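One structure is given below, encoded as structure tokens.
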Amino acid sequence: MAGAVEVDKAVAAEGEGKTCCAQEVKGPGYASPLDAMKGPREALIYVTCVYNGTHEKGKPDYLATVDVDPNSPTYSQIIHRLPAPYVGDELHHSGWNACSSCHGDPSTDRRYLILPSLLSGRIYAIDTATDPKAPALHRVVEPEDIVRETGLAYPHTSHCLASGDILVSCLGDKDGNAAGSGFLLLDSDFNIKGRWEKPGHSPLFGYDYWYQPRHNTMISTSWGAPSAFSKGFNLDHVANGLYGRHLHVYNWSNGELKQTLDLGDTGLLPLEIRFLHDPSKDTGFVGCALTSNMVRFFKTTDGSWSHEVVISVESLEVKNWILPEMPGLITDFLISLDDRYLYFVNWLHGDIRQYNIEDPRKPVLTGQVWVGGLIQKGSDIVYIAEDGSEAQFDVPEVKGNRLRGGPQMIQLSLDGKRLYATNSLFSVWDKQFYPEIVQKGAHMIQIDVDSEKGGLKLNPNFFVDFGLEPEGPSLAHEMRYPGGDCTSDIWI
């Protein structure tokens, strides 16, 4: 085992609330989350785009560079495309080689965007520093090497560590079995070091994770077995135990699985997870997709971890759909850098919500906007209102474009005033629930945020249409700013 023990000796310092390096020098990112909020306005966003599973067979996925500078003549346009060298990757999430976790290290810089390929298993390192507007391929970590040295496949979430290493969650073995899930450790040159967790301490299922070194803790979530989710969503697979409902609590300094939290029937498919950004805090949230609950996790007085449901999205009684009730399906969420607001999407219902979480135990709804979904006006599907009438949601057009699909991935500006959203989840699930976006392509929108009193409003002047791509309609997923953001950077 390359192991958590080798993640580096700085981890021990992290557990004591110290940074890995001297404070008087500056490395990547920002000294604190509140300092990050004072950072420059975003001008570019990198977006992972997928052709795998679409009608554009035989074409590689790619990384799009989108201009989000309102003063630029190419505002709201794709200005560069970097195709992957292979076909069939399913680019999905992304991370950095370095972030605010080692802000004090002048020898480290945020240079490479890490692109794990969910289906092919390969991992790309993309140079974004040489020319931020035109990223270039730097290195490929081949799936055969990962499997041979670790047994891991289906890489998903990538985070940088204070040591310079890179930690990638993997969702199964090469045959798609969840029992093969675990954590891949790469060094700063993208060489394979091995598994991070101790032998025999792999999670039941893999997906996302977040670490909070001052509490010597990392917590990971559970999607499902790749052999199941890669074929589309089937409710029988849930009943047969092929999807998760657990959080896995690890000792951050040695990779030992300390505790497994069973979220029960209220916590089916726990996907994205975030601690509060304040590194001293011992609480955070996880979005449970199928049951559409936001669960808060927290440390108890005896040092163990517990959980509670703090937000529930009620399923809607519907007609003309595959089931009599439709869940919201919380597929992504994030927390503002000041830990004041939480935002999440309901991919099927079609709304984005904003909650004040100044009291994490009692979130308060402060904003909501409808930007798609299966029940928008013009759809065949209707929901049954409280008075028994049939109803649908009003969804505005943007620059003359009807909003397709439902909001899926989101990204917040550093200052918390702009929220960006794409609408593709995973190509085979897109085809199942929103075949229109597979045919016509995904899109990207922007929502103006009232970060003082709360509130969301769709920006009528920003629309990126991935249906008009030169190589044909593509599916847009995760977004990253060149300088880091609230879902990539962790403070120690």
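The values are calculated or read from the model by the stated rules, or taken from the named source; none is laboratory data. None of the values given here were measured: they were computed from a predicted structure. Note that each Cβ is placed from the backbone with ideal geometry, even for glycine, and that neighbours are counted across all protein chains shown. Keep in mind that these areas ignore ligands, DNA and RNA; they rest on the heavy atoms of the full protein, side chains included. Shrake-Rupley method; radii C 1.70, N 1.55, O 1.52, S 1.80 Å.
Return yes or no: is SER107 touching a residue at least 24 places away in the same chain (Cβ under 8 Å), open to solvent by 10 Å² or more (accessible area, probe 1.4 Å), within 19 Å of SER413 (Cβ to Cβ) and part of a loop (DSSP other than H, G, I, E, B)? So SER107 does not fit the description; no.
Annotation: of all residues in region 262-285 being more than 17 Å from ASP359 (Cβ to Cβ) and of a type in the set (A, V, I, L, M), the one that is surrounded by the most Cβ atoms within 10 Å (Cβ to Cβ) is LEU269.
Restricting VAL395, VAL309, VAL318 to those that are at pLDDT 95 or above, among the β-branched types (Val, Ile, Thr) and part of a loop (DSSP other than H, G, I, E, B) reduces the list to VAL395.
In the condition set (1) crowded, with 20+ Cβ neighbours inside 10 Å; (2) of a type outside the set (Lys, Arg); (3) more than 15 Å from GLY53 (Cβ to Cβ), PHE466 is compliant with all but (3).
Taking (1) under 18 Å from ASP485 (Cβ atoms); (2) surrounded by fewer than 24 Cβ atoms within 10 Å (Cβ to Cβ); (3) in contact with a strand residue (DSSP E or B) (Cβ under 9 Å, 6 or more places away or on another chain) in turn, ILE352 satisfies each apart from (2).
In this structure, ASP387 does satisfy being assigned to a loop (DSSP other than H, G, I, E, B) and more than 19 Å from the chain's Cα centre (by Cα).
Hey, among ASP359, ASP338, ASP332, which residue is of a type in the set (D, E, K, R), crowded, with 22+ Cβ neighbours inside 10 Å and either within 20 Å of the chain's Cα centre (by Cα) or under 22 Å from SER451 (Cβ atoms) (or both)?
ASP332
Residue count for region 469-492 under the criterion of being open to solvent by less than 30 Å² (accessible area, probe 1.4 Å), assigned to a loop (DSSP other than H, G, I, E, B) and over 20 Å from TRP210 (Cβ atoms): the result is 4. Restricted to region 124-240, the set of helices (runs of 4 or more DSSP H) holding at least 3 residues that are modelled with pLDDT of 95 or more and farther than 26 Å from THR331 by Cβ comprises 143-150.
Suppose the filter is under 23 Å from GLY264 (Cβ atoms), of a type outside the set (Ser, Thr, Tyr) and open to solvent by less than 40 Å² (accessible area, probe 1.4 Å); does VAL310 pass it?
Working: under 23 Å from GLY264 (Cβ atoms): yes; of a type outside the set (Ser, Thr, Tyr): yes; open to solvent by less than 40 Å² (accessible area, probe 1.4 Å): yes.
The answer is yes for VAL310.
Do we find a residue being touching a His at 6+ places or on another chain (Cβ under 6 Å), open to solvent by 10 Å² or more (accessible area, probe 1.4 Å) and either part of a strand (DSSP E or B) or at positive phi (or both) anywhere in region 86-97? Within region 86-97 (the criterion being touching a His at 6+ places or on another chain (Cβ under 6 Å), open to solvent by 10 Å² or more (accessible area, probe 1.4 Å) and either part of a strand (DSSP E or B) or at positive phi (or both)), the answer is no, since none of the residues qualifies.
Residue-by-condition table, conditions (1) open to solvent by 40 Å² or more (accessible area, probe 1.4 Å); (2) in a helix (DSSP H, G or I); (3) modelled with pLDDT of 95 or more; (4) of a type in the set (Gly, Ala, Ser):
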| site | (1), (2), (3), (4) |
| --- | --- |
| ASP35 | yes, yes, yes, no |
| GLY39 | no, no, yes, yes |
| TYR46 | no, no, yes, no |
| THR54 | no, no, no, no |
| LYS57 | yes, no, no, no |
| THR65 | no, no, yes, no |
| TYR75 | yes, no, yes, no |
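All of (1) open to solvent by less than 20 Å² (accessible area, probe 1.4 Å); (2) small (Gly, Ala, Ser); (3) touching a Leu at 6+ places or on another chain (Cβ under 9 Å) hold for GLY255 with one exception: (3). Could you tell me whether region 413-432 includes any residue that is within 25 Å of TRP321 (Cα to Cα), assigned to a loop (DSSP other than H, G, I, E, B), of a type in the set (Gly, Ala, Ser) and open to solvent by 10 Å² or more (accessible area, probe 1.4 Å)? Looking through region 413-432, none of the residues is within 25 Å of TRP321 (Cα to Cα), assigned to a loop (DSSP other than H, G, I, E, B), of a type in the set (Gly, Ala, Ser) and open to solvent by 10 Å² or more (accessible area, probe 1.4 Å). Looking across region 190-201, the residues that are surrounded by fewer than 24 Cβ atoms within 10 Å (Cβ to Cβ) and in contact with a helix residue (DSSP H, G or I) (Cβ under 9 Å, 6 or more places away or on another chain) come down to ILE192, LYS193, GLY194, ARG195, LYS198.
PRO213: open to solvent by less than 10 Å² (accessible area, probe 1.4 Å), touching a residue at least 60 places away in the same chain (Cβ under 8 Å), over 22 Å from PHE275 (Cβ atoms) and of a type outside the set (A, V, I, L, M), yes or no? So PRO213 fails the test. If you go through region 236-252 and keep only what is in contact (Cβ under 8 Å) with a residue 24 or more places away in the chain, among the hydrophobic types (A, V, I, L, M, F, W, C) and open to solvent by 40 Å² or more (accessible area, probe 1.4 Å), you end up with just LEU242.
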